[in-house]
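Novice: The following block contains the structure, expressed as structure tokens.
The values are calculated or read from the model by the stated rules, or taken from the named source; none is laboratory data. Please read these numbers as outputs of a predicted model, since none were measured by experiment. So basically every Cβ, Gly included, is an ideal-geometry build from the backbone, and we count neighbours across all protein chains shown.
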Amino acid sequence: MYKILALFLLAVSSASAFWSACSDHPGVLAPTSITSPACTGSLCTVVRGEVLNSDVYFVFPTAHSRLDVRISVILYGVEVNIPLEAPYDDACNFMYRGGAFVGCPTVSGQEHLWKIGMEIPHEYPAFNNEVVRYELFESGARVACADLLTTVL
């Protein structure tokens, strides 16, 4: 019994090992799960010029009317922001609940799906096994944060 439970917990933890809550922002909401065909149990591999598809699930404790997106890469300890253009700069443009597009405001206590489907520009730098940080802000206040171990080819 304990052996089966240990194997199950190991499988669950390794399935999401490519992402984690932002440890330097304790108390900030982390996703409940992230899935992407670009990610294995330990790493995401993204190819410049291709579309990155990801599903990021949240249960927000409060409602939000806008969720500004900031994506950055932490290279050698230095955080470098990646510029985003509309419509990708607002997660509300890609927010689903119960399988239907709902945008914002979000509803507290209910699961929301942020469907990311954005092309990775050729101008982005290539790097290997670095942290890419996804953050959501409302009125300048950090709402959610996740770090993903990523390689960009």
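Novice: Residues that are touching a Phe, Trp or Tyr at 6+ places or on another chain (Cβ under 9 Å), surrounded by fewer than 16 Cβ atoms within 10 Å (Cβ to Cβ) and closer than 27 Å to T62 by Cα: does the range 116-127 have at least one?
Specialist: Yes, the range 116-127 has at least one match.
Rundown of residues vs (1) within 14 Å of M118 (Cβ to Cβ); (2) over 15 Å from the mean Cα position of the chain (by Cα); (3) surrounded by 15 or more Cβ atoms within 10 Å (Cβ to Cβ), yes/no style:
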| site | (1), (2), (3) |
| --- | --- |
| F18 | no, no, yes |
| S33 | no, no, no |
| N53 | yes, no, no |
| V56 | yes, no, yes |
| H64 | no, yes, yes |
| L84 | yes, no, no |
| A91 | yes, no, yes |
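Novice: May I pose another question? Enumerate the strands (runs of 3 or more DSSP E) found wholly within the range 52-153, keeping only those where 3 or more residues are farther than 20 Å from P26 by Cβ and touching a residue at least 40 places away in the same chain (Cβ under 8 Å).
Specialist: Working: elements: 68-75, 78-82, 95-97, 111-119, 127-138, 141-152.
Qualifying strands (runs of 3 or more DSSP E): 68-75, 111-119, 127-138, 141-152.
Novice: What is the residue count in the range 37-51 for residues that are aliphatic (A, V, I, L, M) and under 17 Å from S20 (Cα atoms)?
Specialist: The total comes to 2.
Novice: For the range 55-69, which residues satisfy the criterion of being under 18 Å from C22 (Cα atoms) and either β-branched (V, I, T) or at pLDDT below 95 (or both)?
Specialist: Those that are under 18 Å from C22 (Cα atoms) and either β-branched (V, I, T) or at pLDDT below 95 (or both): V56, V59, V69.
Novice: Being at pLDDT 95 or above, among the small types (G, A, S) and at negative phi narrows it down to one of A126, A86, A91, so name that one.
Specialist: After ruling out the rest, the residue left standing is A91.
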